[in-house]
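K.L.:
The structure's right below; bear with me while I get my questions together.
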Amino acid sequence: ILTHDYYLKYFALSNKIENSYDIVLLDEAQDTNEIMLKIMENKFPKARKIIVGDHNQAIYAWRGAINAMEFFSKLPNSTKLSLTNSFRVGKDTASLANFVI
């Protein structure tokens, strides 16, 4: 049985380059592992990369997770945008969450 970790590492170590994608999205980027970071960095040379995450929701630092948003924001020609509105919670809940954070 091949696990998720196995086929990701297999793809990362292969010589295969994906040139058929215009856009690649990495979600939950605050908890990226080193293998996924290398895949995003090296396997899609022609694709625009969209990296999405929330550093306040990072839960896998104990497992060696990397904040890919920080890594990609330092690259030339990158643009960092902030999500300033939430459609999942109301204003009171958002205010309390921001106070706690």
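The values are calculated or read from the model by the stated rules, or taken from the named source; none is laboratory data. Because the structure is a prediction, the values reported are computed rather than measured. Reconstructed Cβ throughout: ideal geometry from the backbone, glycine too, with neighbour counts over all protein chains shown. Note: accessible area is taken over every heavy atom of the protein model, side chains too, but ligands, DNA and RNA are not part of it. Shrake-Rupley method; radii C 1.70, N 1.55, O 1.52, S 1.80 Å.
For every residue, the table says whether it meets (1) free of Cβ contacts under 8 Å to residues at least 40 places away in the same chain; (2) in contact with a strand residue (DSSP E or B) (Cβ under 7 Å, 6 or more places away or on another chain); (3) of a type outside the set (Phe, Trp, Tyr).
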| position | (1), (2), (3) |
| --- | --- |
| 11 | yes, no, no |
| 16 | yes, no, yes |
| 24 | yes, yes, yes |
| 41 | yes, no, yes |
| 45 | yes, no, yes |
| 59 | yes, no, yes |
| 62 | yes, no, no |
| 88 | yes, no, yes |
| 93 | yes, no, yes |
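K.L.:
Can you name every residue in the stretch 31-67 that is open to solvent by less than 80 Å² (accessible area, probe 1.4 Å), touching a helix residue (DSSP H, G or I) at 6+ places or on another chain (Cβ under 9 Å) and among the β-branched types (Val, Ile, Thr)?
P.N.:
Hits for the stretch 31-67 are 32, 35, 39, 51, 52, 66.
K.L.:
What tally of residues in the stretch 8-40 results from selecting those that are under 17 Å from residue 80 (Cα atoms) and charged (D, E, K, R)?
P.N.:
Total meeting the criteria: 2.
K.L.:
Please state which one of 70, 28 is open to solvent by 80 Å² or more (accessible area, probe 1.4 Å), on the phi > 0 side of the Ramachandran plot and not hydroxyl-bearing (Ser, Thr, Tyr).
P.N.:
Result of the check over 70, 28: 28.
K.L.:
Mind counting the residues in the stretch 25-79 that are hydroxyl-bearing (Ser, Thr, Tyr) and within 20 Å of residue 13 (Cβ to Cβ)?
P.N.:
Looking only at that region, the number is 1.
K.L.:
Conditions: (1) in contact (Cβ under 8 Å) with a residue 24 or more places away in the chain; (2) over 16 Å from residue 41 (Cα atoms); (3) not polar (S, T, N, Q). Residue 71 meets all but one. Number of the miss?
P.N.:
If we test residue 71 against (1) in contact (Cβ under 8 Å) with a residue 24 or more places away in the chain; (2) over 16 Å from residue 41 (Cα atoms); (3) not polar (S, T, N, Q), just (2) comes out false.
K.L.:
Do you know which residues across the stretch 3-25 are among the acidic types (Asp, Glu) and surrounded by 10 or more Cβ atoms within 10 Å (Cβ to Cβ)?
P.N.:
At the first step, the residues of the stretch 3-25 found to be among the acidic types (Asp, Glu) are 5, 18, 22.
Selection gives 5, 18.
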